[in-house]
Number of protein chains: 2
Amino acid sequence: MIYTMSDAYQALSSPVRRQILALLKDKDLSAGEISEQIDVAKSTLSGHFNVLKSADLVVTIKEGTTITYSLNTSVIEDLMNGLFNLFDKKYEKPEDKE
Amino acid sequence: MIYTMSDAYQALSSPVRRQILALLKDKDLSAGEISEQIDVAKSTLSGHFNVLKSADLVVTIKEGTTITYSLNTSVIEDLMNGLFNLFDKKYEKPEDKE
DNA sequence: ACTATATTTCGTTAATTTACGAAATACAGT
DNA sequence: ACTGTATTTCGTAAATTAACGAAATATAGT
């Protein structure tokens, strides 16, 4: 599997998935702990986890029967860089000054 | 119409739309000029413009029959801020240090 | 082998997205 | 009023997404 920028943005386009990421910014959490704080069926949540994994926005550690999710901040950095480049050039061009 | 973060990320999830934004970072362009550089039907492109407008990522100026699109960088800044907050906290918490 | 717990996979349904070509709209020039 | 140019809207089709509950899988403890 290769991760694309499209996958990452698509993953971020869901409020539920952004909520999951926000929970993970404080500490790593298991699927069960996340499901306690978000009001959708566990099967639905599991689908969201797959989207986040496919975008490489989270990584998992399996220990016994519990799966712990944690943020992969490097992809988030990449996204920020991409966004920065988007309006970077505009200020380098003197003819844009009035 | 109110613009949501979901709209913005959804808009960015399409390679065609990111290509449009990349073209606009150098200079404002009309729909026709953009369509010269991107290989999809004009009607399809028009749909993409609508998505970008609905996300407030571009603004338009109509002059005669031509519509000029330009980047709205403030939304892009907002997105960068949102992403930054996502991994900010992790480094503020001393208990995360080992 | 059995039971309980954690999580995912499957089947289904409804909604949304992306693409196209054809037709419609809007404006400028003649 | 007519023509050409720029762009959008409409109708349609195919693919993807997001949700649910039920069933399946995996592991730990008894």
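No lab work stands behind these numbers, since they all come straight from the coordinates. The structure displayed is predicted, hence computed values, not measured ones. For neighbour counting, all protein chains shown are included, and Cβ atoms are generated from backbone atoms with ideal geometry for every residue, glycine included.
Can you tell me which residue in the range B:18-33 is farthest from the other protein chains (Cβ to nearest Cβ), limited to those that are within 16 Å of DNA strand C (Cβ to nearest atom) and under 22 Å from residue B:7 (Cα atoms)? First the steps, then the outcome.
Taking the range B:18-33 as the starting set, the residues that turn out to be within 16 Å of DNA strand C (Cβ to nearest atom) are B:18-23, B:30-32.
Filter once more, keeping what is under 22 Å from residue B:7 (Cα atoms): B:18-23, B:31.
Working: B:18: 7, B:19: 11, B:20: 11, B:21: 6, B:22: 7, B:23: 11, B:31: 20 Å.
By that ranking, first place goes to B:31.
How many residues are hydroxyl-bearing (Ser, Thr, Tyr), over 22 Å from residue A:10 (Cβ atoms) and in contact with a Phe, Trp or Tyr (Cβ under 8 Å, 6 or more places away or on another chain) if we restrict to the range A:24-75?
Selection size over the range A:24-75: 1.
Could you tell me which of the residues A:12, A:52 is within 20 Å of residue B:5 (Cα to Cα), surrounded by 15 or more Cβ atoms within 10 Å (Cβ to Cβ), away from DNA strand C (no atom under 12 Å from the Cβ) and of a type in the set (A, V, I, L, M)? Break it down stepwise before answering.
Working: A:52 fails: away from DNA strand C (no atom under 12 Å from the Cβ).
Exactly one residue qualifies, and that residue is A:12.
Collect the residues in the range A:36-49 that are within 17 Å of the chain's Cα centre (by Cα) and of a type in the set (Ser, Thr, Tyr), keeping them in residue-number order.
Answer for the range A:36-49, where residues must be within 17 Å of the chain's Cα centre (by Cα) and of a type in the set (Ser, Thr, Tyr): A:44, A:46.
In the range B:41-68, how many are part of a strand (DSSP E or B), touching a Lys or Arg at 6+ places or on another chain (Cβ under 9 Å) and more than 8 Å from DNA strand D (Cβ to nearest atom)?
The initial filter retains those residues of the range B:41-68 that are part of a strand (DSSP E or B), namely B:58-63, B:66-68.
Subset that is touching a Lys or Arg at 6+ places or on another chain (Cβ under 9 Å): B:59-60, B:68.
Then drop every residue that is not more than 8 Å from DNA strand D (Cβ to nearest atom), which leaves B:59.
Final tally of qualifying residues: 1.
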